[in-house]
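**Q** Before I ask anything, let me first share the structure, which is written out below as structure tokens.
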Amino acid sequence: MSGSKTNAGHFFEDFAVGQVFEHATPRTITAGDVALYTGLYGPRFAVQSSDEFARRIGYARAPVDDLIVFHVVFGKTVPDISRNAIANLGYAECRLLAAVYPGDTLSATSEVIGVRESSNRASGVVWVRTSGRNQRDETVLEYVRWVMVRKRDNGAPAPEPVVPTLAERVDPATLGAAVPPLDVANYDLELAGQRHRWGDYAPGEKIDHVDAMTLEEAEHQIATRLYQNTAKVHFNLHEQAQGQFKRRLVYGGVVMSLARALSFNGLANAFHVAAINAGRHVAPCFAGDTVYAWSEALETAEIAGRRDIGALRARLTAVKNRPCADFPLRKEGGDYAEGVILDLDLWLVLPR
Amino acid sequence: MSGSKTNAGHFFEDFAVGQVFEHATPRTITAGDVALYTGLYGPRFAVQSSDEFARRIGYARAPVDDLIVFHVVFGKTVPDISRNAIANLGYAECRLLAAVYPGDTLSATSEVIGVRESSNRASGVVWVRTSGRNQRDETVLEYVRWVMVRKRDNGAPAPEPVVPTLAERVDPATLGAAVPPLDVANYDLELAGQRHRWGDYAPGEKIDHVDAMTLEEAEHQIATRLYQNTAKVHFNLHEQAQGQFKRRLVYGGVVMSLARALSFNGLANAFHVAAINAGRHVAPCFAGDTVYAWSEALETAEIAGRRDIGALRARLTAVKNRPCADFPLRKEGGDYAEGVILDLDLWLVLPR
Amino acid sequence: MSGSKTNAGHFFEDFAVGQVFEHATPRTITAGDVALYTGLYGPRFAVQSSDEFARRIGYARAPVDDLIVFHVVFGKTVPDISRNAIANLGYAECRLLAAVYPGDTLSATSEVIGVRESSNRASGVVWVRTSGRNQRDETVLEYVRWVMVRKRDNGAPAPEPVVPTLAERVDPATLGAAVPPLDVANYDLELAGQRHRWGDYAPGEKIDHVDAMTLEEAEHQIATRLYQNTAKVHFNLHEQAQGQFKRRLVYGGVVMSLARALSFNGLANAFHVAAINAGRHVAPCFAGDTVYAWSEALETAEIAGRRDIGALRARLTAVKNRPCADFPLRKEGGDYAEGVILDLDLWLVLPR
């Protein structure tokens, strides 16, 4: 019915392994994006908040939050990859590879690396490896995600299934490229908000981030549009009211950013998300939900050639409408516990 | 009752043809305004989104969205012109005359060019020609609008009616001043999001923009304040609850910007609004309404002296709570169809 | 229950006179913060709105709104001072000491100057003197505030009470440091929006600011996070729903900024808040409330050595869900009148 010039997005049968998408709308990141990000989530990491703090330790100025980079690159992929997605299934092998500063312009490319039709033949899973580049054509971000995409025609033939093998975690030897050599002596722990360095965290340690935020429709819509992410489930109540949830779905990236901002309370010196080893949006989140978060330290690792920083692998769990003093994650039997909405396996970088 | 230092705005009998208002509060446009505009509407036109894209084709950097310029200039006029308006009746002869960049400072002047008392003697229509200027005193925007304004005293004598003659459409020969000579070879259609150039659109063609956005109170209030537009119908629920609509009215400019942003899907290369030939807010819009949009190509025109760009006249229609696959506009008999809220006749500029 | 690395904030018994807190997270102020501030409150003071206007009278460019400086510095103090506060009782001796421009980085320090246990022994009042500094270590803001803070352990011994003596008002001789010598001849009253200068206001004069704004949850949350203020009463509906008010409390600073922005209508040339002599959040404010405001001129004062500017002491009263044509403040008997939410005693600076 729609005019032929309208982009209706791709359906499962449009994807083939090896296909490459040069996504539309390059985007210059500005101090305005940073301010809005601060207003939407309230992050307090000193490196990203203060040009002075960042300069004193070796950055050119305050880099933008790693998740701004993630969301902006992700947003560009939506019209080509997930406009007709049923679900965003997961992330892996995500690495932040270069610091991004206000004034940098990001664009994004994706390559299809896997396809598998669903058994119901109405949809299929598509794996893409996406990379974000700056104006100097440096890769600033790379990640794999997989989504379940609707078929246009259920009768279309199934492609040969290709399921990529993905690393269980990013190799810590490859981390840290986005962090310049730090003058750790100038890293002021008092201004940073916590005295604990990389060496103070031990595997198994659990941290309740205590704080919580209740989400509003205007907030998640503004956030999602800021990333030029057009997925209609986040914006169109008129249509969503007829659907499964009867309301707009919050973009999963909003929950990621909220949980990350909340994690400052306990992880104030984990100033950089170097990698997302795995990520799963466990349950939907809606306006009115209150997001809590907690972290578990999973592993620590030295970074080859770096005496200034170390890597901490942590599982960041976001939970809705339920405080995290008892660290909710899974029920007996292995299903996710009531309220869990995000399960994110991260490599964080802290000063040593 | 209010102190004498309070501006209660002008009433119909305060306006006389020839009167000039130098409006208050010049405003420097910044990257912050651009980010907030992106967050509020989600535009994806590459020229305004990327400094790199803009520079490669001939701009100094990414210009700000044309409707930011329109809303900021419009906002300045409200305290003098429409504080006591009953309705904003229409726009004509609106032209964008120079690119505006972050850092530019805009101010606005209006001249009264028409007055006509209403037959009920309680109000009257005022026509003003408004121009927005930058810090170099260059006119960046010009438009005529007419509003119905309340009388302070119904017994005040009616002025001699003066109704200006307005052009049915802006002469395309006068378009394009805000676009530098473009290096069209560097205009990357893939990054811009669509392959269709100026020559690919033909009069009569209809485009359903498919996407839609549900409006929230916080969104339209933030938008309207960003333009320093103080019209109280948009902000004061305590008073509006006693009025005709029982709630706050969304500033019509918010609907214009939403519809324009939605139009990217189908008109991705129509990167510049060069003129508003006519504009009408057909029905009020409220928080909770979902805005859809569609366009009809009305006319194409070459622009004198320009081989790089061409003009496309398009009617952009915004419709609430109703998809636009059937292109709703008017009912039999000529009245606007159910749901139509905005009827905007534009000259758009596309690369050739 | 929470991990030992979580900051649970300080309790009354943790404070002692003489203690100094170097607060976390220095913050670079940007044009993005200014845009968001404009979107959230709609201020129209020409000096802060236009680089050109500001330069013509003697500023380097448009300084940021004085209350942005106040809120950002205040926000930094929350995790250390008022995370466990029951109530924010008052402000005094607040002075803005240097203009702040986009690009400046602010940090904050507080010294405890008073403590007094409450008679119920469950809490106590803590007085702190806070100062905000820029990247050149210049003090840009100084103020005293006192808060009622919960005790961790009601049995903890009471400290020797120390109640600081605070000035009833800031000495006008000390005002104006944040305003460069102005070229008043270039101060364009028409662009500024009002013809009244310092000399046109007289003690006793009351001004109804007429306009009003209805607050939304998303707006106050975005504002409060922008200042990195983490007080959970503003954000956590899940917890607040169990509390006294059943909903989120609006950060008092939001009401201050709204009232200040509304005061433009009648005080358009009062471009600078030089001091807060006293401030009291009289009653809580919630989303859905409509904020009105009015001012009373209390006193005028010359500023030593300045022929360009003068000081006007004014009481700015914010009132919810009630117009201010009758200037509501106190009932017979002295209690605050119904609807009054903010009582702010300010030194404003105007051109002479």
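**Q** Grab the helices (runs of 4 or more DSSP H) fully contained in the stretch C:164-243, keeping just those with 1 or more residues being of a type outside the set (Asp, Glu) and away from chain B (no Cβ under 13 Å). Talk me through it step by step, then tell me what you get.
**A** Details: elements: C:189-192, C:217-226, C:237-240.
Helices (runs of 4 or more DSSP H) meeting the threshold: C:217-226, C:237-240.
**Q** Scan the stretch A:283-330 for residues that are under 26 Å from C:Gln221 (Cβ atoms), surrounded by 20 or more Cβ atoms within 10 Å (Cβ to Cβ) and of a type in the set (A, V, I, L, M) and jot them down.
**A** A:Val291, A:Ala293, A:Leu316, A:Ala318, A:Val319
**Q** For the stretch A:88-109, name all the residues that are over 19 Å from A:Met256 (Cβ atoms) and in contact with a strand residue (DSSP E or B) (Cβ under 9 Å, 6 or more places away or on another chain).
**A** In the first step, residues of the stretch A:88-109 are kept if they are over 19 Å from A:Met256 (Cβ atoms); the result is A:98-99, A:101-105, A:107, A:109.
A:Ala98, A:Ala99, A:Pro102, A:Gly103, A:Asp104, A:Thr105, A:Ser107, A:Thr109 - these are the residues of the stretch A:88-109 that are over 19 Å from A:Met256 (Cβ atoms) and in contact with a strand residue (DSSP E or B) (Cβ under 9 Å, 6 or more places away or on another chain).
**Q** For the stretch B:11-23, how many residues are in contact with a Lys or Arg (Cβ under 7 Å, 6 or more places away or on another chain) and assigned to a loop (DSSP other than H, G, I, E, B)?
**A** Residues of the stretch B:11-23 that are in contact with a Lys or Arg (Cβ under 7 Å, 6 or more places away or on another chain), as a first pass: B:11-13, B:23.
Those left that are additionally assigned to a loop (DSSP other than H, G, I, E, B): B:11, B:23.
Qualifying residue count for the region: 2.
**Q** Quick check on A:Ala223: is it closer than 29 Å to B:Leu36 by Cβ and among the hydrophobic types (A, V, I, L, M, F, W, C)? Steps first, answer last, please.
**A** On the way: closer than 29 Å to B:Leu36 by Cβ: yes; among the hydrophobic types (A, V, I, L, M, F, W, C): yes.
So A:Ala223 passes the test.
**Q** What are the pairs, 6+ residues apart or on separate chains, where a residue within the stretch A:185-196 that is on the phi > 0 side of the Ramachandran plot has its Cβ under 7 Å from a residue that is outside any helix (DSSP H, G or I) and of a type in the set (D, E, K, R)?
**A** Within 7 Å, the pairs are A:Gly193/A:Arg44.
**Q** Out of the stretch B:331-352, which residues are touching a helix residue (DSSP H, G or I) at 6+ places or on another chain (Cβ under 6 Å), buried (at least 18 other Cβ atoms within 10 Å of the Cβ) and under 20 Å from B:Arg195 (Cα atoms)?
**A** B:Leu350, B:Pro351
**Q** Scan the strands (runs of 3 or more DSSP E) fully inside the stretch B:29-142 and keep the ones with 3 or more residues being within 14 Å of chain C (Cβ to nearest Cβ). Spell out the reasoning first.
**A** On the way: elements: B:85-96, B:105-117, B:123-133.
Where strands (runs of 3 or more DSSP E) fall fully within the stretch B:29-142 and carry at least 3 residues being within 14 Å of chain C (Cβ to nearest Cβ), they are B:105-117.
**Q** Return yes when C:Phe271 is among the aromatic types (Phe, Trp, Tyr) and crowded, with 20+ Cβ neighbours inside 10 Å and no when it is not. Lay out the reasoning, then the answer.
**A** Details: among the aromatic types (Phe, Trp, Tyr): yes; crowded, with 20+ Cβ neighbours inside 10 Å: yes.
Yes, satisfied.
**Q** Another one. Taking the options B:Ala283, B:Ala275, B:Ala270, name whichever one is of a type outside the set (Phe, Trp, Tyr) and touching a Cys at 6+ places or on another chain (Cβ under 7 Å). I'd like the intermediate steps shown before the answer.
**A** Working: B:Ala283 fails: touching a Cys at 6+ places or on another chain (Cβ under 7 Å); B:Ala270 fails: touching a Cys at 6+ places or on another chain (Cβ under 7 Å).
On inspection, the qualifying residue turns out to be B:Ala275.
**Q** Just one of the numbered conditions (1) over 26 Å from B:Ile86 (Cβ atoms); (2) free of Cβ contacts under 8 Å to residues at least 60 places away in the same chain is not true of B:Arg169; which one?
**A** B:Arg169 satisfies all of (1) over 26 Å from B:Ile86 (Cβ atoms); (2) free of Cβ contacts under 8 Å to residues at least 60 places away in the same chain except (2).
**Q** I want to confirm something. Restricting to the stretch A:300-328 and keeping residues that are free of Cβ contacts under 8 Å to residues at least 40 places away in the same chain and out of contact with any Phe, Trp or Tyr (no Cβ under 7 Å at 6 or more places or on another chain), which single residue is nearest to A:Glu205 (Cα to Cα)?
**A** Filtering first and then ranking leaves A:Arg315.
**Q** Take the residues in the stretch C:6-28 that are of a type in the set (D, E, K, R) and more than 9 Å from every other protein chain (Cβ to nearest Cβ); name whichever of them is nearest to A:Tyr41 (Cα to Cα). Can you show your working first?
**A** Of the residues in the stretch C:6-28, the ones of a type in the set (D, E, K, R) are C:13-14, C:22, C:27.
Checking the rest, the ones that are also more than 9 Å from every other protein chain (Cβ to nearest Cβ) come to C:13-14.
Numbers: C:Glu13: 31, C:Asp14: 29 Å.
Only one residue tops the list, namely C:Asp14.
**Q** Across the stretch B:221-246, what is the number of residues that are surrounded by fewer than 22 Cβ atoms within 10 Å (Cβ to Cβ) and in contact with a helix residue (DSSP H, G or I) (Cβ under 6 Å, 6 or more places away or on another chain)?
**A** Within the stretch B:221-246, residues that are surrounded by fewer than 22 Cβ atoms within 10 Å (Cβ to Cβ) and in contact with a helix residue (DSSP H, G or I) (Cβ under 6 Å, 6 or more places away or on another chain) number 1.
**Q** Keeping to the stretch B:136-170, report how many residues are among the acidic types (Asp, Glu) and surrounded by 12 or more Cβ atoms within 10 Å (Cβ to Cβ). Spell out the reasoning first.
**A** First, the residues of the stretch B:136-170 that are among the acidic types (Asp, Glu): B:137-138, B:142, B:153, B:160, B:168.
Remaining after also requiring surrounded by 12 or more Cβ atoms within 10 Å (Cβ to Cβ): B:138, B:142.
The number of residues fulfilling the criteria is 2.
**Q** Here's something else I'd like to know. Looking at the stretch B:124-134 only, could you name the residues that are farther than 15 Å from B:Pro26 by Cα and either surrounded by fewer than 21 Cβ atoms within 10 Å (Cβ to Cβ) or free of Cβ contacts under 8 Å to residues at least 24 places away in the same chain (or both)? Spell out the reasoning first.
**A** Here is the first cut: in the stretch B:124-134, the residues farther than 15 Å from B:Pro26 by Cα are B:124-129.
Scanning the stretch B:124-134 gives a single hit, B:Arg129.
**Q** Being under 27 Å from C:Asp51 (Cα atoms) and either β-branched (Val, Ile, Thr) or surrounded by fewer than 24 Cβ atoms within 10 Å (Cβ to Cβ) (or both) narrows it down to one of C:Ile276, C:Ile207, so name that one. Don't jump to the end; show me each part of the working.
**A** Values: C:Ile207 fails: under 27 Å from C:Asp51 (Cα atoms).
Criteria check complete, one pass: C:Ile276.
**Q** Within the stretch C:330-345, is there a residue that is aromatic (Phe, Trp, Tyr) and without any contact (Cβ under 8 Å) to a residue 60 or more places away in the chain?
**A** Just the residues of the stretch C:330-345 that are aromatic (Phe, Trp, Tyr), to begin with: C:336.
When the remaining residues are screened for being without any contact (Cβ under 8 Å) to a residue 60 or more places away in the chain, the result is C:336.
Yes, that holds for at least one residue.
**Q** Scan A:Ile222, A:Ile207 and give me the residue that is of a type outside the set (Gly, Ala, Ser) and closer than 30 Å to C:Leu40 by Cβ.
**A** Numbers: A:Ile207 fails: closer than 30 Å to C:Leu40 by Cβ.
Being of a type outside the set (Gly, Ala, Ser) and closer than 30 Å to C:Leu40 by Cβ holds for just one of A:Ile222, A:Ile207, which is A:Ile222.
**Q** Take the residues in the stretch A:64-86 that are of a type in the set (D, E, K, R) and farther than 19 Å from A:Val20 by Cβ; name whichever of them is surrounded by the most Cβ atoms within 10 Å (Cβ to Cβ). Full working, then the answer.
**A** Just the residues of the stretch A:64-86 that are of a type in the set (D, E, K, R), to begin with: A:65-66, A:76, A:80, A:83.
Filter once more, so that each one left must be farther than 19 Å from A:Val20 by Cβ: A:65-66.
Values: A:Asp65: 26, A:Asp66: 28.
That would be A:Asp66.
**Q** Let me ask something else. Restricting attention to the stretch A:5-32, which residues are surrounded by 18 or more Cβ atoms within 10 Å (Cβ to Cβ) and of a type in the set (A, V, I, L, M)?
**A** A:Ala24, A:Ile29, A:Ala31
**Q** Could you count how many residues in the stretch C:39-63 are without any contact (Cβ under 8 Å) to a residue 60 or more places away in the chain, in contact with an Asp or Glu (Cβ under 8 Å, 6 or more places away or on another chain) and surrounded by 23 or more Cβ atoms within 10 Å (Cβ to Cβ)?
**A** Adding up the residues that qualify gives 1.
Read the figures in this text as sums done on the coordinates, not as results from a lab. Small disclaimer: the values here were computed from a predicted structure and weren't measured. Neighbour counts run over all protein chains shown; Cβ positions are idealised from the backbone, glycine included.
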